[in-house]
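Undergrad: Submitted below is the structure of interest, expressed as C-alpha cells.
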Amino acid sequence: SGTTAIVGALLDDDNGTSSGSAYLFDTTTGTQGAKLTASDAAANDYFGGSVGVSGTTAIVGAQYDDDNGSGSGSAYLFDTTTGTQIFKLTAGDGAANDGFGGSVAISGTTAIVGAGGDGDNGSGSGSAYLFDTSTGTQSAKLTASDGGEFDLFGRSVAISGTTAIVGTSLGSAYLFDTTTGAQIFKLTAGDAVAGDWFGWSVAISGTTAIVGASQDDDNGTDSGSAYLFDTTT
C-alpha cells in the first residue's frame, strides 16, 4: 500500500518454534523497516501466515493462536510508521479450531479476517469478521446465505472501499457491503465443474474482483485459471 510492503514469515522462531513474524519494507528502496512480532507470541501460532496493509496500518494473522481454544486464531494490527502493535483482534464468538486469521485484508479503517473452520452452518462452514481498525471493534460477522458443511467460507478474503469478497474451497465467492454486513452477490464460474477450487484465492480493487480456481483443467489437469467480475453487477 503506497510505498510500504509487508511480508509474512510464519515459521520464524523468535518466540518459539513457528511463532512467526512479518517484515515491513520501503518499496522505493527495498529497505527493511520494522520486524513485527506479536506481543503475546508463542510457539506454533503461525503469526504471519496472512498479511495485509493499507495506508499506515498493517494486519497480521495468527490462525493457530489459542486465546479462545486450541487453533481458535487471532490477528494483530500494527502502525507501519513505528512498528508498534495497536490492537489484537479475536472473534467475539471464537472457538477451538476456527482458524481465525487464516486470511486477512484491510482497506482504510476496515479490516476483514477469515475463519474457515468456524461452524455456524455446519462443521467447517466458515465465516469472516469485519473490524474497525481505529478502535479494534468487531463490526459484523459474515457468513454465506447458503453456507454448508466444509465450505471453508473465509479461506480467502479481500476488501476494497466498502466492498469485501470472501472465497470458499468449494466453488464460489461472495461479495458483501462492509457498511451493513449484507451479502450483495454470490459469484460462480460460468464454466464451473466439480474440483476446480474456484474461490481458493480472491482479490478486489475498486469495482473489479478476481477469483482464482487453482484446479481448473483448461490447459491440463489442475493447470488453473482466474475469473474477473464487475462487483456492481
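The values are calculated or read from the model by the stated rules, or taken from the named source; none is laboratory data. Predicted model only: the values in this text are computed from it and were never measured. Reconstructed Cβ throughout: ideal geometry from the backbone, glycine too, with neighbour counts over all protein chains shown. Protein only, heavy atoms only, side chains kept; ligands, DNA and RNA dropped before computing areas. Shrake-Rupley method; radii C 1.70, N 1.55, O 1.52, S 1.80 Å.
Undergrad: Give me the pairs: first residue in segment 97-112 and polar (S, T, N, Q), second residue buried (at least 24 other Cβ atoms within 10 Å of the Cβ) and outside any strand (DSSP E or B), beta-carbon distance under 7 Å, and six or more apart or on different chains, which are they?
TA: From segment 97-112, the pairs are Asn97/Gly117; Ser103/Gly154; Ser103/Arg155.
Undergrad: So, one more: Residues that are open to solvent by 40 Å² or more (accessible area, probe 1.4 Å) and under 15 Å from Thr233 (Cβ atoms): find the strands (runs of 3 or more DSSP E) completely inside segment 164-216 holding 2 or more of those.
TA: On the way: elements: 173-177, 182-187, 198-205, 208-213.
In segment 164-216, 182-187 are the strands (runs of 3 or more DSSP E) which contain 2 or more residues that are open to solvent by 40 Å² or more (accessible area, probe 1.4 Å) and under 15 Å from Thr233 (Cβ atoms).
Undergrad: Return only the number of the condition from (1) within 21 Å of Asp40 (Cα to Cα); (2) open to solvent by 50 Å² or more (accessible area, probe 1.4 Å) that Asp79 does not satisfy.
TA: Of the numbered conditions (1) within 21 Å of Asp40 (Cα to Cα); (2) open to solvent by 50 Å² or more (accessible area, probe 1.4 Å), the odd one out for Asp79 is (2).
Undergrad: While we're here: Which residues, counting only those in segment 136-146, are among the hydrophobic types (A, V, I, L, M, F, W, C) and in a loop (DSSP other than H, G, I, E, B)?
TA: Kept after step one, since they are among the hydrophobic types (A, V, I, L, M, F, W, C), are these residues of segment 136-146: 140, 142, 144.
Result: Ala144, single match.
Undergrad: While we're looking at this one, here's another question. Every residue in segment 147-163 that is in a loop (DSSP other than H, G, I, E, B), at pLDDT 95 or above and among the hydrophobic types (A, V, I, L, M, F, W, C), please.
TA: Leu152
Quick grid of which residues meet (1) open to solvent by 20 Å² or more (accessible area, probe 1.4 Å); (2) touching a residue at least 40 places away in the same chain (Cβ under 8 Å); (3) basic (Lys, Arg):
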residue	(1), (2), (3)
Gly124	no, no, no
Thr133	no, yes, no
Lys141	yes, yes, yes
Ser160	yes, yes, no
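Undergrad: What number of residues within segment 70-88 are assigned to a strand (DSSP E or B) and farther than 18 Å from Arg155 by Cβ?
TA: First, pick out the residues of segment 70-88 that are assigned to a strand (DSSP E or B): 73-79, 84-88.
Those still in the list that are farther than 18 Å from Arg155 by Cβ too: 76-79, 84-88.
Residues that pass the stated criteria total 9.
Undergrad: Quick one: would you say Thr133 is touching a Leu at 6+ places or on another chain (Cβ under 7 Å) and within 20 Å of Lys88 (Cβ to Cβ)? Show your work before the answer.
TA: Numbers: touching a Leu at 6+ places or on another chain (Cβ under 7 Å): yes; within 20 Å of Lys88 (Cβ to Cβ): yes.
Criteria met by Thr133.
Undergrad: Within segment 46-69, how many residues turn out to be part of a loop (DSSP other than H, G, I, E, B) and either within 16 Å of the chain's Cα centre (by Cα) or closer than 20 Å to Phe25 by Cα (or both)?
TA: 8
Condition check ((1) open to solvent by 10 Å² or more (accessible area, probe 1.4 Å); (2) under 23 Å from Ala5 (Cα atoms)) across all residues:
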site	(1), (2)
Phe87	yes, yes
Gly94	yes, no
Gly101	no, yes
Ala111	no, yes
Gly114	no, yes
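Here's the yes/no breakdown for (1) among the hydroxyl-bearing types (Ser, Thr, Tyr); (2) closer than 19 Å to Ile106 by Cβ:
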| residue | (1), (2) |
| --- | --- |
| Thr4 | yes, yes |
| Asp13 | no, no |
| Ser21 | yes, yes |
| Gly33 | no, yes |
| Asn44 | no, no |
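Undergrad: Is there a residue in segment 56-65 that is open to solvent by 30 Å² or more (accessible area, probe 1.4 Å) and of a type in the set (A, V, I, L, M)?
TA: Going residue by residue through segment 56-65, those that are open to solvent by 30 Å² or more (accessible area, probe 1.4 Å) are 56, 63-64.
Then drop every residue that is not of a type in the set (A, V, I, L, M), which leaves none.
Looking for residues that are open to solvent by 30 Å² or more (accessible area, probe 1.4 Å) and of a type in the set (A, V, I, L, M), one finds none in segment 56-65, hence no.
Undergrad: Determine whether segment 34-43 contains at least one residue that is crowded, with 18+ Cβ neighbours inside 10 Å, of a type in the set (Val, Ile, Thr) and assigned to a loop (DSSP other than H, G, I, E, B).
TA: Narrowing segment 34-43 to residues crowded, with 18+ Cβ neighbours inside 10 Å: 34, 36-38, 41.
Subsequent filtering for residues that are of a type in the set (Val, Ile, Thr) retains 37.
Among the residues that remain, those that are also assigned to a loop (DSSP other than H, G, I, E, B) are: 37.
Checked segment 34-43: at least one residue is crowded, with 18+ Cβ neighbours inside 10 Å, of a type in the set (Val, Ile, Thr) and assigned to a loop (DSSP other than H, G, I, E, B).
Undergrad: Can you say whether Asp120 is out of contact with any Phe, Trp or Tyr (no Cβ under 8 Å at 6 or more places or on another chain) and open to solvent by 30 Å² or more (accessible area, probe 1.4 Å), as far as the supplied structure shows? I'd like the intermediate steps shown before the answer.
TA: Working: out of contact with any Phe, Trp or Tyr (no Cβ under 8 Å at 6 or more places or on another chain): yes; open to solvent by 30 Å² or more (accessible area, probe 1.4 Å): yes.
It is true that Asp120 is out of contact with any Phe, Trp or Tyr (no Cβ under 8 Å at 6 or more places or on another chain) and open to solvent by 30 Å² or more (accessible area, probe 1.4 Å).
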